[in-house]
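A.B. asks: I'd like to ask you about the structure that follows.
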């Protein structure tokens, strides 16, 4: 068996006297500047679509923390998304809360639900855990229609939310403001996720995923980490659900079908499992590819969507993020004539 090597051993670390890390920071700053300018360059409908991309990216990051980094498969994150959305809608509709104040509450509520659900889920693994979480996704629309709570949830009619205007007298449209607001929340959530996964906690999650017995032997409290991971993942999803309710301006039980949870799982597979940047690629896929498939064929849009899905999985088995990473490594390797073997690079 060939010995694994790191990218630093085979690839240059500086370009034009500037470190690769600095170039990455420059690229990230340019990307963020482009994202800020985007709502002023496209139509209102496109702004709405890209707003949903940002929201889905937060969901996929949360799901990736649970599934990609900790190895717990969830088909029920649509339920946590619904809880976050309804928490925000109820606080705004019945208690008059400002939209921005509902986000932390939605996150905390979903953290509690996720943590409590994670306790019995400790006994389940693999496809059994997936089925248990899927049951939650199936039950959620019916729970939201329950007659004893419909005075709060609005029953089958749902809750209509008024779109907030831009504050401080800013001369921008409500859609543009909501996009910038969502972008700011996304930056905060991704900064939290990055620091969480790149430190000791992230290493513990991966150790539990790959070598659970060894992790326990080294003193990692697997049960605590797993339940907390469920809670943190649900927190991310709940914040995204609250943002989704504010942006869409409407919540109803039938908006949160089990298909939503499946779409989220598809998103992390397409974007790249255990990849922070993969959340963006997956969000773009689940937002735009179904619409594109519908434009190609009104008669069989799901068949076209299935073809796209198979093509992505076959051509990019490690997800779009893995494909981009390998292409970047090869491009860097061309400068030294030493192309890294993807099977030997960690």
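FYI, it's all coordinate maths here, none of it is from the lab. Since the model is a prediction, treat every value here as computed from it, not as a measurement. Every residue, glycine among them, receives a Cβ derived from its backbone with ideal geometry; neighbour counts consider all protein chains shown.
A.B. asks: Test of understanding: ordering 297, 255 by Cβ neighbours within 10 Å, fewest first, what list do you get?
C.D. replies: So the residues, fewest neighbours to most, are 297, 255.
A.B. asks: Which angle between 0 and 90 degrees, to the nearest 10, do you get for helix 99-121 versus the longest principal axis of the chain when only C-alpha atoms count?
C.D. replies: For helix 99-121, the angle is close to 70 degrees.
A.B. asks: Using only Cα atoms and rounding to the nearest 10 degrees, what angle (0 to 90) does helix 319-334 make with the longest principal axis of the chain?
C.D. replies: The angle comes out at about 30 degrees.
A.B. asks: Also, quick follow-up: Stretched out fully, how many nm does the piece from residue 168 to residue 146 gain, at 0.36 nm a residue minus the Cα gap?
C.D. replies: Roughly 3.9 nm would be gained on extension.
A.B. asks: So how tilted is helix 200-210 from the main axis of the chain? Cα-based, degrees 0 to 90, rounded to 10.
C.D. replies: Approximately 80 degrees, to the nearest ten.
A.B. asks: Now for a separate question. Exposure proxy check: 270, 162 ranked by fewest other beta carbons within 10 Å?
C.D. replies: 162, 270
A.B. asks: Sort 250, 95, 50 so the one with the fewest other Cβ atoms within 10 Å of its own Cβ comes first.
C.D. replies: 95, 250, 50
A.B. asks: What FRET efficiency comes out for residue 210 versus residue 31 if R0 is 22 angstrom and r is the Cβ-Cβ distance? Round to the nearest 0.05.
C.D. replies: 0.10
A.B. asks: For the range 284-306 and the range 170-187, what is the separation of their Cα centres, given in Å?
C.D. replies: When both Cα centres are located, 28 Å separates them.
A.B. asks: Report the gain in length on full extension from residue 95 to residue 188: 0.36 nm times residue separation, minus Cα-Cα distance, nm rounded to one decimal. Walk me through the numbers on the way to the answer.
C.D. replies: Details: separation 93, 0.36 × 93 = 33.48 nm, distance 2.63 nm.
Separation in residues times 0.36 nm, less the Cα-Cα distance, equals 30.8 nm.
A.B. asks: Going by a ≥ b ≥ c, the root eigenvalues of the Cα gyration tensor, does the range 38-95 fall in the rounded group (a/c under 1.5), the prolate group (a/b larger than b/c) or the oblate group?
C.D. replies: The shape class here is oblate.
A.B. asks: Say a paramagnetic label sat at a point 7 Å from the Cα of residue 203, along Cα to Cβ; which residues of the range 238-279 have their backbone N under 20 Å from it?
C.D. replies: Inside the label zone: 274-276.
A.B. asks: Taking 7 Å along the Cα-to-C-beta vector as the label spot, tell me the residue 218-residue 160 distance in nanometres, rounded to one decimal.
C.D. replies: The two pseudo-label positions are separated by 5.6 nm.
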